[in-house]
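The values are calculated or read from the model by the stated rules, or taken from the named source; none is laboratory data. These figures come from a predicted structure and were not determined experimentally. Backbone-built Cβ (ideal geometry, glycine too); neighbour counts: all protein chains shown.
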Amino acid sequence: MKFQDRLPNVNLASKLDARNSALDYTLKAFKTIENAHGVALAGKMPIDGAETLANLRHHYRPGDPSSHAAFVRAYESQLELGGWARDLAARDSAIKLLRKALKLLDAAYLEAIQGGVAIGWDEAVGLVQQHYRAGDASSLKPAIAALQREMDIVAWRNALRDCGLWSATDVLDADRWEQIIRTQSGPLEDGMQAPWLYVLHARSATTWDTGLPMFFRLMSWNKKANAPVLLGPTVEIRQFVDPERRVSVSQKSLDELWQWMSFLGGGPEVSKPNTVSKLCAEAISEGRREVDTDLMHVRWTARNAVVSFKRPELVDRVNQVMLLLYPGALPA
């Protein structure tokens, strides 16, 4: 079986649809702001585009109507400085266009939030400020492209979380994926993940195949046959408790198993500060002798521990992965 065939489906399609819709609204919003500047200029009220972006970043917050009023007041001040009494009709028209642009930005942010591709507002405006120049319509293209790259990062990350793969980032090195997204020439497209994962696997040598086997080599290995012993409903772990109350190697290896079970179960991201080893270390320091999680129950004596698994189907999936890696693995 190929490497990528071991992975759950990373579904990007819906997120990329949301990205496209949000970027379309954003492009329309900034074109509308361009039109507002043009109307103001025609009415002999020249506007500083850089100041408008700075005010947008400072006053406007997506989905907050009160921030619309604050930004419009700042824009009115710009018009006043430009001589807004010269053409009241142009002033009113420019402000009307500006309000329309804010509604488009609200729509863009809503699409991004609901689609799981939203980036921070300050970050978004900062990216636009780096590229966009008022009065230069061609500068909108690199500004939108910069937004697209960062939204692609968020889309990819959230897609990995949705399928449970993010919990295996120590093995799969998600930072490299994000670097690929940032440096590629075009936007992220659905179906691109399989060759990417294959390339990353080749770059990172055997990292995929070392995390889970590390647990088996320490906890469930037949030395005579030099092969792993597949998991049953429980597994005994020796030397689980360190006499000096430090996090033991056994506890750390249990983290690998826990991350893999979460990954294979399509569950939520495993938070690094709340790994099994962290929970066990806290329990030991408090004088307790057991830890209970959604995937397993760990109970220990002075040195050794017994781990009871709560989801038999995940035990089966872990065993299937080990059989892929070690066809000669021994039954539980």
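Okay, here's what the table says:
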{"quantity": "Meets criteria (surrounded by fewer than 19 Cβ atoms within 10 Å (Cβ to Cβ), within 30 Å of Val321 (Cβ to Cβ), modelled with pLDDT under 90 and in contact with a helix residue (DSSP H, G or I) (Cβ under 8 Å, 6 or more places away or on another chain)) for Lys44", "calculated": "no"}
{"quantity": "Among residues of region 91-117, those that are among the hydrophobic types (A, V, I, L, M, F, W, C), free of Cβ contacts under 8 Å to residues at least 60 places away in the same chain and surrounded by 20 or more Cβ atoms within 10 Å (Cβ to Cβ), counted", "calculated": "1"}
{"quantity": "Residue tally, condition in contact (Cβ under 8 Å) with a residue 24 or more places away in the chain and surrounded by 14 or more Cβ atoms within 10 Å (Cβ to Cβ), over region 305-323", "calculated": "12"}
{"quantity": "Single unsatisfied condition, Arg133 versus (1) surrounded by fewer than 16 Cβ atoms within 10 Å (Cβ to Cβ); (2) farther than 21 Å from Leu79 by Cβ; (3) touching a residue at least 60 places away in the same chain (Cβ under 8 Å)", "calculated": "(2)"}
{"quantity": "Flag if Ser21 is of a type in the set (S, T, N, Q), at pLDDT 90 or above and touching an Asp or Glu at 6+ places or on another chain (Cβ under 8 Å)", "calculated": "yes"}
{"quantity": "Residue check for Gly43: in the same structural domain as Leu27 (by TED's automatic domain parsing), at negative phi and over 38 Å from the mean Cα position of the chain (by Cα)", "calculated": "yes"}
